[in-house]
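**Student:** Quick one: this structure, given as structure tokens, is what I'll be asking you about.
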2 protein chains.
Amino acid sequence: MNEWLQILNNHIPDQRILTDLADRYSYSFDASFGEHLPDVVVQAKSKEEVVHVMHIANRYKVPVYPRGQGTCLSGGPLPVHGGIVLDLSQWPKKIDLNVEDLTVNVSPSVLTANINKEAEKYRLMYAPDPSSAHVATIGGNLAENSGGPRGLKYGVTKDHVLGLELVTPEGEVIRTGGQTIKNVTGYDLTKLIVGSEGTLGVITEATLKLLPKPRAAQTIMISFDEVRTAGLAISQVLTSGILPSKMEIMDNASIRAVESFQPAGLPVDAAAIVIIELDGHPQTLEIETELVREIMSKIGATQIVIPNTKEEANKIWQSRKQVSPAIAKIKPTKVSEDATVPRSKIPDMMDRLKEIKETYNVELVVFGHAGDGNLHPNILCDQRDKEEMRRVEQAVEAIFEAAIDLGGTLSGEHGIGTMKAPFMENELGTVGVEMMKRIKDSWDPNHIMNPGKIFAERGQKLVLTDD
Amino acid sequence: MNEWLQILNNHIPDQRILTDLADRYSYSFDASFGEHLPDVVVQAKSKEEVVHVMHIANRYKVPVYPRGQGTCLSGGPLPVHGGIVLDLSQWPKKIDLNVEDLTVNVSPSVLTANINKEAEKYRLMYAPDPSSAHVATIGGNLAENSGGPRGLKYGVTKDHVLGLELVTPEGEVIRTGGQTIKNVTGYDLTKLIVGSEGTLGVITEATLKLLPKPRAAQTIMISFDEVRTAGLAISQVLTSGILPSKMEIMDNASIRAVESFQPAGLPVDAAAIVIIELDGHPQTLEIETELVREIMSKIGATQIVIPNTKEEANKIWQSRKQVSPAIAKIKPTKVSEDATVPRSKIPDMMDRLKEIKETYNVELVVFGHAGDGNLHPNILCDQRDKEEMRRVEQAVEAIFEAAIDLGGTLSGEHGIGTMKAPFMENELGTVGVEMMKRIKDSWDPNHIMNPGKIFAERGQKLVLTDD
């Protein structure tokens, strides 16, 4: 047994140090690509235990990979160089609301949806709503800076974090930010750490901002016979003075996938549908709904559905949520992307995606958070088919290229992880990446904190198969 | 002449390299404390010129202090170690709106208020509204992460920056973020740089987010005979489900100062007034106004004024804006603080400020952005009176201590600069400050980029006099 593994035992009970192959195997993958076996899994339950792990890891130069529920779509928790998977999902779950301050303190293991559930008891809300909120931990959301449909109006995870407790790669505990809404005391370490994909330390607590929950919401579903028109419609609504809470798009392939998976009465002949949610005061919603209807009619929508009941509205949103599981049924492998473009470029991006689909002959489905330019092109394929996977790899590269060409970015909400690391310099240039690396090096001189993520290793390429 | 000064001339015309004592003197101070003469002032007008300056400065290890209009309240542009003041205010003014993307590209020299003026032509707004918006540059706002009344609902400068162009301390050009609303590609350098007070590089361009301009606004002015009640009222409104765009407080001393400076009909007998602005759809405003009125009556407000016209509302806001100039008339020196506490702690902070006023026998006036816990305690004094200034220094330290005690922060929006640097460890701990310094060191190995700011020098103390 390794010396460091023996020392680990000193502060952490045996039953939370997993070394059996079967246990380690269940920590070797996430919701993205690749399998990597860790040497050990440590289920930490306190800040002190994390400090202990980091001290040892730093001393023996053993890689550490923090992990929540493993729902990551970009490889964040994958132990690509062996070492220690630090499982934080067993941490005691804490949701301490401070209603008067409109804040909440949470432990990393809490499921994101549960934070919102608690807040709603006091007519408050935790705004970020990643689609995985009911299965993913806030710790993972913080590490990846998760988005979600409501990002259009309310912003992403980062916009709602006031402060963090972090164990540094060298095992020191720091607190960043605080309990106040405004804070300009020194560098903004909070916003640096949120979205740093576990490469700068282990988040052990967070203070989040809550908002008054809007009184009401109104859903509108609009069908189009041209994808491009849907893109233009989105742009027009946003410049009309209305800021919807959500504005999602589904192309024909997504609509058909959902209808054959769990029929919801979606218009299967539409080239695309746009689903909007307005929130606010009921009377404002009436006025804004009418305005949206006018814009959509004028631009040439083929159908406008305005549900009268909450149940009808829920049914529409449920169908949007079913896209991911529904398309996963079409073929065994699903490559989910989140390339993001400036909002006015959505129609152009839609055209480029159509070209890519044809050029590489791949099964490409498009849906996503169109209101903020954050589309989710998904390629359905079979990982065992090497020839197909080569085409998929090329198509994915072409998607990244298209997004950057149009003034966009590699990732709107999933993160860089392992998959997109090779493309970082395309977007940021050599010096841009170098300045990020300097921060990483200064905080983690031994490179033990979630290595292999964000920054590409020499010669690293996009590979979606296991060989 | 210094060798580096001669080389500066190679790329920058003579008339924009100022070495005369009179010229240098006008760059030796800002709106805070202290006077420091630079060796030279360079008025840069392009990215290439900034690159040139930084290359020379880095090679000869000459400090560089970026500066906009010098309205900083924390000493950001002060050339505390001599060297080069890099004046960016003469840069060609660019405000490139991209209406369809709801973004705008600006050069650092643009006055912040002018960005909003341009945006309003398209029914859009640039949300941050620091009180100095009509005299301060966006470059300065970005460096300091400026706030403003509308921060309550819309957040501060940082929340509205999508991307930056930055010349690094070593003279390299990088672009951070981009034109998209969502972006999780690598570390968030944008939010690290905004608010870093010019210590990490020179911002030469920014892409800002615009929002649809709310249709209408409603002002409400409420008087109280107890400051504590005003604090409670603020808390109650915020937890009622209403999120006002602004929520300001003025204590009796501020009210009286304004009334004797430029009478506006404020209630001079009130212990405090709270001024609220609601924005949104006109019909929603009617409902929310009524709700605010109910809350205020119930809690014991002595007077509720709901102006019927825009002119009446403007008059009230104008009186709020007059606080700073009005109190400046009372005594020659004004020490303006921005200690910030969690919202529920506003009543406690008010009590602590009253104690401090009595203990140190100082003329203390309190006003500010109460809705987000960001008060502006101002001490009026006479810098020539050494004995008084010692008491003022102690009172300021006591204000910092009170804010930190109550779970707050040293600075909500003015920045750390020179004045608060000695107190950083009190809030962040040794390791917290150390982790910030590591970033600074890794980006600016020669420590030439705005030295003497944020990080205290050995033995540095708060000194408000010139000796």
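The values are calculated or read from the model by the stated rules, or taken from the named source; none is laboratory data. Remember, it's a predicted structure, so these values are computed and weren't measured experimentally. In this analysis, Cβ positions are derived from the backbone assuming ideal geometry, glycine residues included, and neighbour counts consider all displayed protein chains. We work out accessible area using only protein heavy atoms, side chains counted, and drop any ligands, DNA or RNA first. Shrake-Rupley method; radii C 1.70, N 1.55, O 1.52, S 1.80 Å.
**Student:** All but one of (1) within 7 Å of chain B (Cβ to nearest Cβ); (2) crowded, with 24+ Cβ neighbours inside 10 Å; (3) within 20 Å of the chain's Cα centre (by Cα) hold for A:T199; state the number of the condition that does not hold.
**Tutor:** The single condition A:T199 does not satisfy is (1).
**Student:** If I go through the stretch A:319-353 residue by residue, how many of them are touching a strand residue (DSSP E or B) at 6+ places or on another chain (Cβ under 8 Å) and within 14 Å of chain B (Cβ to nearest Cβ)?
**Tutor:** Looking only at that region, the number is 9.
**Student:** Search the stretch A:410-420 for residues being under 24 Å from A:G459 (Cβ atoms) and not basic (K, R), and hand back the single one that is surrounded by the fewest Cβ atoms within 10 Å (Cβ to Cβ). Let's see the steps before the verdict.
**Tutor:** We begin by selecting, within the stretch A:410-420, every residue under 24 Å from A:G459 (Cβ atoms); these are A:410-411, A:414-420.
From the residues that got through so far, the ones that are not basic (K, R) too are A:410-411, A:414-419.
Numbers: A:L410: 27, A:S411: 32, A:H414: 28, A:G415: 31, A:I416: 28, A:G417: 27, A:T418: 26, A:M419: 24.
So the residue we want is A:M419.
**Student:** How many residues are open to solvent by less than 50 Å² (accessible area, probe 1.4 Å) and either in contact with a Gly (Cβ under 8 Å, 6 or more places away or on another chain) or of a type in the set (S, T, N, Q) (or both) if we restrict to the stretch A:10-30?
**Tutor:** Here the count works out to 3.
**Student:** For the stretch B:47-62, enumerate the residues that are free of Cβ contacts under 8 Å to residues at least 60 places away in the same chain and open to solvent by 30 Å² or more (accessible area, probe 1.4 Å).
**Tutor:** Correct list: B:E48, B:R59, B:Y60.
**Student:** For the condition within 8 Å of chain A (Cβ to nearest Cβ) and either without any contact (Cβ under 8 Å) to a residue 40 or more places away in the chain or not in a helix (DSSP H, G or I) (or both), what is the one hit in B:I439, B:I416? Please lay out each step first, then the result.
**Tutor:** On the way: B:I439 fails: either without any contact (Cβ under 8 Å) to a residue 40 or more places away in the chain or not in a helix (DSSP H, G or I) (or both).
After applying the criteria, what remains is B:I416.
**Student:** If you scan the stretch B:31-45, which residues turn out to be without any contact (Cβ under 8 Å) to a residue 60 or more places away in the chain, open to solvent by less than 30 Å² (accessible area, probe 1.4 Å) and either farther than 13 Å from B:N9 by Cα or basic (K, R) (or both)?
**Tutor:** B:P38
**Student:** Please determine, by comparing only the residues of the stretch A:70-96 that are modelled with pLDDT of 95 or more and polar (S, T, N, Q), which one is nearest to A:I416 (Cα to Cα).
**Tutor:** The extreme case among them is A:S89.
**Student:** Still on this model: Would you point out which residue out of B:V80, B:V85 is more than 29 Å from A:I242 (Cβ to Cβ), part of a loop (DSSP other than H, G, I, E, B) and hydrophobic (A, V, I, L, M, F, W, C)?
**Tutor:** Working: B:V85 fails: part of a loop (DSSP other than H, G, I, E, B).
Testing whether each residue is more than 29 Å from A:I242 (Cβ to Cβ), part of a loop (DSSP other than H, G, I, E, B) and hydrophobic (A, V, I, L, M, F, W, C) leaves just B:V80.
**Student:** Quick check on the stretch B:217-233. Is at least one of its residues at the interface with another protein chain (Cβ under 10 Å from one of its Cβ atoms) and in a helix (DSSP H, G or I)?
**Tutor:** At the first step, the residues of the stretch B:217-233 found to be at the interface with another protein chain (Cβ under 10 Å from one of its Cβ atoms) are B:232.
Filter once more, so that each one left must be in a helix (DSSP H, G or I): B:232.
The answer is yes, given that some residue of the stretch B:217-233 is at the interface with another protein chain (Cβ under 10 Å from one of its Cβ atoms) and in a helix (DSSP H, G or I).
**Student:** Please find, among B:N374, B:N361, the residue that is open to solvent by less than 50 Å² (accessible area, probe 1.4 Å), touching a Lys or Arg at 6+ places or on another chain (Cβ under 9 Å) and not assigned by TED's automatic domain parsing to the domain that holds B:M247.
**Tutor:** Working: B:N361 fails: open to solvent by less than 50 Å² (accessible area, probe 1.4 Å).
Just one listed residue meets the conditions, B:N374.
**Student:** So, in the stretch A:354-378, exactly how many residues are more than 14 Å from chain B (Cβ to nearest Cβ) and touching an Asp or Glu at 6+ places or on another chain (Cβ under 6 Å)?
**Tutor:** 2
**Student:** Select the strands (runs of 3 or more DSSP E) contained entirely in the stretch B:94-173, then report the ones holding at least 2 residues which are crowded, with 20+ Cβ neighbours inside 10 Å and either within 11 Å of another protein chain (Cβ to nearest Cβ) or without any contact (Cβ under 8 Å) to a residue 40 or more places away in the chain (or both).
**Tutor:** Numbers: elements: B:95-98, B:103-106, B:161-167.
Passing ranges, in order: B:161-167.
**Student:** Please find, among B:E288, B:E312, the residue that is open to solvent by 30 Å² or more (accessible area, probe 1.4 Å), touching a strand residue (DSSP E or B) at 6+ places or on another chain (Cβ under 6 Å) and either under 14 Å from B:I399 (Cβ atoms) or of a type in the set (D, E, K, R) (or both). Full working, then the answer.
**Tutor:** On the way: B:E312 fails: touching a strand residue (DSSP E or B) at 6+ places or on another chain (Cβ under 6 Å).
So the residue among B:E288, B:E312 that is open to solvent by 30 Å² or more (accessible area, probe 1.4 Å), touching a strand residue (DSSP E or B) at 6+ places or on another chain (Cβ under 6 Å) and either under 14 Å from B:I399 (Cβ atoms) or of a type in the set (D, E, K, R) (or both) is B:E288.
**Student:** Additional query: Out of the stretch A:419-436, which residues are at the interface with chain B (Cβ under 8 Å from one of its Cβ atoms) and either within 14 Å of the chain's Cα centre (by Cα) or farther than 24 Å from B:V104 by Cβ (or both)? Can you show your working first?
**Tutor:** Of the stretch A:419-436, the ones at the interface with chain B (Cβ under 8 Å from one of its Cβ atoms) are A:420, A:424, A:427-429, A:431-433, A:435-436.
If the condition is that a residue be at the interface with chain B (Cβ under 8 Å from one of its Cβ atoms) and either within 14 Å of the chain's Cα centre (by Cα) or farther than 24 Å from B:V104 by Cβ (or both), then A:K420, A:M424, A:V431, A:V433, A:M435, A:M436 are the ones that fit.
**Student:** Tell me the residue from B:F423, B:F455, B:F400 that is open to solvent by less than 30 Å² (accessible area, probe 1.4 Å), of a type in the set (F, W, Y) and assigned to a loop (DSSP other than H, G, I, E, B), please.
**Tutor:** On the way: B:F423 fails: assigned to a loop (DSSP other than H, G, I, E, B); B:F400 fails: assigned to a loop (DSSP other than H, G, I, E, B).
Matching residue, one of B:F423, B:F455, B:F400: B:F455.
**Student:** Is it the case, given these coordinates, that B:T190 is among the polar types (S, T, N, Q) and either at the interface with another protein chain (Cβ under 10 Å from one of its Cβ atoms) or part of a strand (DSSP E or B) (or both)? Reasoning before the result, please.
**Tutor:** Numbers: among the polar types (S, T, N, Q): yes; either at the interface with another protein chain (Cβ under 10 Å from one of its Cβ atoms) or part of a strand (DSSP E or B) (or both): yes.
Spelling it out, B:T190 is indeed among the polar types (S, T, N, Q) and either at the interface with another protein chain (Cβ under 10 Å from one of its Cβ atoms) or part of a strand (DSSP E or B) (or both).
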